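Everything below concerns the one structure shown next.
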């Protein structure tokens, strides 16, 4: 599984940096994913658009976590996926429920990952978004779903018989 390329959205990176453990200190999903990454189980593919959004959130809400963010992201400084062009952003708008997510969607397409990792089900996991990911051969997963890929969790069946 070492060659798996995973593109995290801003929320996932934030969770990995700020919320890897619960109040008792036990790893939660974001922490388990971070642990897998640090063990070399997959490659993170990080975009400038995500880093810029993460910087804003850290400055506004979690400034004391900046050192952890810098530590995690420093290896990517010379290989961040570029910002999408205006045309690339416009092209993904029909697949976004929130236009502010369009730069992230477009960045994911530029990055060409195997997996887009997001827990934002109202944006990244909608049927319209999934049609975009499928068109480009990209799978969208939640933190739980990525843990399933690595055998740390089991897929559950939804009421309609499909896998969650």
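Could you work out how much longer the chain between residue 90 and residue 28 gets when fully extended? Use 0.36 nm per residue separation minus the Cα distance between them, nm to one decimal.
Values: separation 62, 0.36 × 62 = 22.32 nm, distance 3.58 nm.
Full-extension gain reported as 18.7 nm.
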Cα Rg, Dmax (largest Cα-Cα span) when computed across the chain, Å: 15.5, 47
Residue 150 label point, 7 Å along Cα→Cβ, cut-off 14 Å on backbone N: hits in the stretch 71-86? none
If you build a Gaussian network model of the chain, linking Cα atoms that sit under 10 Å apart, which residue out of 120, 52, 22 swings the most? 22
Please state the equivalent ellipsoid semi-axes for the stretch 1-91: what are the square roots of 5 times the Cα gyration tensor eigenvalues, largest first, in whole Å? 23, 18, 11
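Run lengths n ≥ 4 of DSSP H only: what is the helix-derived mean residue ellipticity at 222 nm for the chain, with -39500 (n - 2.57) per run over all residues, to the nearest 500? All intermediate terms of the calculation are to be shown ahead of the outcome.
Details: 8 runs with 74 residues, N = 164.
When only DSSP H runs of four or more count, the value is -13000 deg cm²/dmol.
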For the stretch 5-149, percent of DSSP beta bridges that are antiparallel (nearest 5) comes out at 10
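We did not get these values from a lab; they are worked out from the coordinates using the rules stated. Nothing here was measured: the structure is a model prediction, and the numbers come from that model. Neighbour counts are summed over all protein chains in view; Cβ atoms, including those assigned to glycine, are modelled from backbone coordinates with ideal geometry.
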